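**Q** Attaching a single structure in structure tokens format; questions to follow.
The values are calculated or read from the model by the stated rules, or taken from the named source; none is laboratory data. Keep in mind that this is a model prediction, so the values were computed, not measured. As a convention, Cβ positions derive from the backbone with ideal geometry for all residues, glycine included, and neighbour counts pool all protein chains shown.
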């Protein structure tokens with residue numbers, strides 16, 4: 001997938017401006033998020049101490065942080081979408097060039113040339129941005145978690161993320177095959193509808209095959225959603241439960257420190273749980289890549305057969 005579809009885009013110079021701007025905005029967003037996590041402690045401590053002046057200062061700081069957060073988030077999304085279109089443009093041109101040269105005999109050509117590049121480009125840029133953000137932010141928050149919390153909190157947090165990731169992988173494993181099959185059946189259905197529109201005498205398309213696979217896909221996605229929602233819900237309360245003894249019994253933690261640690265824990269888990277939260281999207285992008293690869297491989301196979309003759 002990387003060699004066939006991503007590397008050619010990265011080598012194309014017209015993708016560089018949007019790629020650089022997307023990376024800059026992603027780094028800026030990580031930076032302002034780090035500032036926000038630090039601000040949480042100040043804000044909550046003002047509540048605990050009933051310091052109205054500190055509360056007002058914290059609110060003013062929030063206005064500045066919030067303004068930068070909104071700008072960086074918006075521009076990060078904007079440049080990522082522009083980059084996605086460049087991906088689509090380059091991939092579509094490449095696939096279309098293959099088709100015009102080789103004229104492969106392959107099913108659902110319209111889907112492989114039109115729809116798959118769109119969805120693939122949207123997903124690959126979004127997933128890549130999320131992965132990069134997780135990779136960069138993880139060391140920062142992990143360091144804060146290790147030095148700022150009892151050792152068992154960081155150990156349990158990392159262990160929890162690893163275990164949930166492995167479980168999510170096991171649950172989501174069938175999704176790629178099911179998504180591939182669903183898109184194939186949908187494309188076949190659309191092709192038959194086009195034939196009917198063009199006046200060809202064919203048997204009316206039946207939605208039953210689509211329905212059967214769709215139900216299997218929906219059931220598997222339901223199980224994954226159950227797991228993801230449960231994992232996210234548990235992530236919100238677990239750090240508070242583990243830090244409760246330090247707060248109630250020893251008094252070593254302030255409310256501000258407690259909520260800061262909770263925020264750090266959430267960021268660490270979010271970074272470590274990247275695959276848990278994006279497994280359905282990863283399955284879909286792999287299915288898109290597989291269909292486009294079949295078009296390219298079909299061309300290459302035909303070329304090899306011609307050379308062999």
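**Q** Going by the conditions given, is residue 128 without any contact (Cβ under 8 Å) to a residue 24 or more places away in the chain, surrounded by 15 or more Cβ atoms within 10 Å (Cβ to Cβ) and within 19 Å of residue 277 (Cβ to Cβ)?
**A** On the way: without any contact (Cβ under 8 Å) to a residue 24 or more places away in the chain: yes; surrounded by 15 or more Cβ atoms within 10 Å (Cβ to Cβ): yes; within 19 Å of residue 277 (Cβ to Cβ): yes.
In short, yes.
**Q** Just to check your reading of the model, which residue among 140, 146 is surrounded by fewer than 20 Cβ atoms within 10 Å (Cβ to Cβ) and without any contact (Cβ under 8 Å) to a residue 40 or more places away in the chain?
**A** That would be 146, the only listed residue that is surrounded by fewer than 20 Cβ atoms within 10 Å (Cβ to Cβ) and without any contact (Cβ under 8 Å) to a residue 40 or more places away in the chain.
**Q** What is the residue count in region 191-204 for residues that are surrounded by 14 or more Cβ atoms within 10 Å (Cβ to Cβ) and in contact with a helix residue (DSSP H, G or I) (Cβ under 9 Å, 6 or more places away or on another chain)?
**A** Of the residues in that region, 1 qualify.
**Q** Answer yes or no as to whether residue 70 is in a helix (DSSP H, G or I), surrounded by fewer than 19 Cβ atoms within 10 Å (Cβ to Cβ), free of Cβ contacts under 8 Å to residues at least 24 places away in the same chain and within 22 Å of the chain's Cα centre (by Cα). Reasoning before the result, please.
**A** Numbers: in a helix (DSSP H, G or I): yes; surrounded by fewer than 19 Cβ atoms within 10 Å (Cβ to Cβ): yes; free of Cβ contacts under 8 Å to residues at least 24 places away in the same chain: yes; within 22 Å of the chain's Cα centre (by Cα): yes.
Yes.
**Q** When region 9-30 is examined, which residues are found to be surrounded by 15 or more Cβ atoms within 10 Å (Cβ to Cβ) and either more than 20 Å from the chain's Cα centre (by Cα) or not in a helix (DSSP H, G or I) (or both)?
**A** Scanning region 9-30 gives 12, 15.
**Q** Identify, by number, the condition in (1) buried (at least 19 other Cβ atoms within 10 Å of the Cβ); (2) under 30 Å from residue 39 (Cα atoms) that residue 183 doesn't meet.
**A** Answer for residue 183: the failing condition is (2).
**Q** Still on this model: Here is a list: 106, 118, 162, 158. Which entry is surrounded by fewer than 17 Cβ atoms within 10 Å (Cβ to Cβ), closer than 30 Å to residue 194 by Cα and at pLDDT below 85? Quick ask: steps written out before the conclusion?
**A** On the way: 118 fails: at pLDDT below 85; 162 fails: closer than 30 Å to residue 194 by Cα; 158 fails: closer than 30 Å to residue 194 by Cα.
The match here is 106.
**Q** I'd like to verify a number: residues in region 251-278 that are surrounded by fewer than 21 Cβ atoms within 10 Å (Cβ to Cβ) and not in a helix (DSSP H, G or I), how many?
**A** Selection size over region 251-278: 4.
**Q** So residue 207 ticks every box in (1) in contact (Cβ under 8 Å) with a residue 12 or more places away in the chain; (2) surrounded by 13 or more Cβ atoms within 10 Å (Cβ to Cβ) but one. Which box is left unticked?
**A** Unmet for residue 207, out of (1) in contact (Cβ under 8 Å) with a residue 12 or more places away in the chain; (2) surrounded by 13 or more Cβ atoms within 10 Å (Cβ to Cβ): (2).
**Q** Listed residues 188, 213; which is modelled with pLDDT of 90 or more, more than 18 Å from the chain's Cα centre (by Cα), farther than 30 Å from residue 19 by Cβ and surrounded by 15 or more Cβ atoms within 10 Å (Cβ to Cβ)? It would help to see each step written out before you state the result.
**A** Details: 188 fails: modelled with pLDDT of 90 or more.
Checking each option against the conditions leaves just 213.
**Q** Among 48, 93, which is the only one that is in contact (Cβ under 8 Å) with a residue 24 or more places away in the chain and either in contact with a strand residue (DSSP E or B) (Cβ under 7 Å, 6 or more places away or on another chain) or in a helix (DSSP H, G or I) (or both)?
**A** On the way: 93 fails: in contact (Cβ under 8 Å) with a residue 24 or more places away in the chain.
Exactly one of 48, 93 is in contact (Cβ under 8 Å) with a residue 24 or more places away in the chain and either in contact with a strand residue (DSSP E or B) (Cβ under 7 Å, 6 or more places away or on another chain) or in a helix (DSSP H, G or I) (or both), namely 48.
**Q** Please tell me if residue 235 is part of a helix (DSSP H, G or I), touching a helix residue (DSSP H, G or I) at 6+ places or on another chain (Cβ under 9 Å) and at pLDDT below 85. Steps first, please.
**A** Details: part of a helix (DSSP H, G or I): yes; touching a helix residue (DSSP H, G or I) at 6+ places or on another chain (Cβ under 9 Å): yes; at pLDDT below 85: yes.
Considered against the rule, which asks whether it is part of a helix (DSSP H, G or I), touching a helix residue (DSSP H, G or I) at 6+ places or on another chain (Cβ under 9 Å) and at pLDDT below 85, residue 235 comes out as yes.
**Q** In region 197-217, which residues are under 18 Å from residue 109 (Cβ atoms) and assigned to a helix (DSSP H, G or I)?
**A** 197
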